[in-house]
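Structure, as structure tokens:
The values are calculated or read from the model by the stated rules, or taken from the named source; none is laboratory data. Fair warning: this is a prediction, and the values are worked out from it, not measured in the lab. Because the Cβ atoms are built from the backbone with ideal geometry, glycine has one as well, and the counts that use them run over all protein chains shown. Just so you know, the surface numbers come from the protein's heavy atoms only, side chains and all, with ligands and any DNA or RNA stripped out. Shrake-Rupley method; radii C 1.70, N 1.55, O 1.52, S 1.80 Å.
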Amino acid sequence: MLPKFYQNCFQNVLTPAQYKMLEILIMLLQFHKTVTIEKLATVFPQPIKFESRRLSIQRFLLLPELSIQYIWFPLLKRWVKNSRQSQEKQLIFAIDRTQWRGENVFVISLIEQKRAIPVYWLLLTKRGCSNLGEQKK
């Protein structure tokens with residue numbers, strides 16, 4: 001279901017119960033292809049009331065261990081390291097600012113095989129474009 005280095009990263013950060021919940025959520029997302037907490041809580045295989053399942057999923061998704069620093073950066077570092085070992089090539093990064101649902105989002109992405117993989121993103125508090133100082137930051 002998940003690549004081995006994803007499993008290792010998640011198991012290093014999460015408790016066994018949290019890791020099992022993550023596995024179940026990923027399986028449900030792959031099967032049901034929905035991302036609302038209510039729909040996931042409806043099909044989540046836990047013998048408790050719907051509202052308790054919904055709150056359990058909500059609390060899980062707010063865990064500090066699931067933050068970008070603990071999960072995404074180690075995964076990305078490992079992925080880039082494996083990619084560079086298999087093929088000696090340059091890394092290409094793209095910087096973009098976009099408007100999404102009324103939010104001004106600044107994104108840095110790694111370009112890999114004609115795909116942009118988000119490395120870091122930041123919600124800007126102002127409207128409009130970012131300047132060079134903000135991009136360097």
Looking at the range 113-130, which of the residues that are at negative phi and more than 17 Å from the chain's Cα centre (by Cα) is modelled with the lowest pLDDT?
SER130
Can you tell me which of (1) modelled with pLDDT under 80; (2) farther than 20 Å from PRO3 by Cβ is the one ARG84 doesn't meet?
(2)
Are any residues in the range 27-61 aliphatic (A, V, I, L, M), open to solvent by 30 Å² or more (accessible area, probe 1.4 Å) and not in a loop (DSSP other than H, G, I, E, B), and if so, which ones?
MET27, LEU29, ILE37, VAL43, LEU55, LEU61
Among (1) at pLDDT 80 or above; (2) open to solvent by less than 90 Å² (accessible area, probe 1.4 Å), there is one condition LYS89 misses while meeting the rest; what is its number?
(1)
It is to be established whether one or more residues within the range 62-78 are exposed (fewer than 14 other Cβ atoms within 10 Å of the Cβ), without any contact (Cβ under 8 Å) to a residue 40 or more places away in the chain and not in a helix (DSSP H, G or I).
yes
Only one of (1) under 30 Å from GLY133 (Cβ atoms); (2) loosely packed, with under 11 Cβ neighbours inside 10 Å; (3) hydrophobic (A, V, I, L, M, F, W, C) fails for ALA17. Which number is that?
(1)
The residue that is surrounded by the most Cβ atoms within 10 Å (Cβ to Cβ), considering only those in the range 99-125 that are touching a residue at least 12 places away in the same chain (Cβ under 8 Å) and small (Gly, Ala, Ser), is SER109
Restricting attention to the range 37-69, which residues are touching a Phe, Trp or Tyr at 6+ places or on another chain (Cβ under 8 Å) and farther than 17 Å from GLU23 by Cβ?
THR42, PRO64, ILE68
Please determine whether any residue of the range 44-52 is farther than 26 Å from GLN113 by Cα and either in contact with a His (Cβ under 7 Å, 6 or more places away or on another chain) or at pLDDT below 85 (or both).
no
Which pairs do you get when a residue that is β-branched (Val, Ile, Thr), found in the range 1-18, comes within reach of a residue that is in a helix (DSSP H, G or I), reach meaning Cβ atoms under 9 angstrom, with the pair 6+ apart or on two chains?
VAL13/TYR19; VAL13/GLU65; VAL13/LEU66; VAL13/TYR70; VAL13/ILE71; VAL13/PRO74; THR15/GLU65
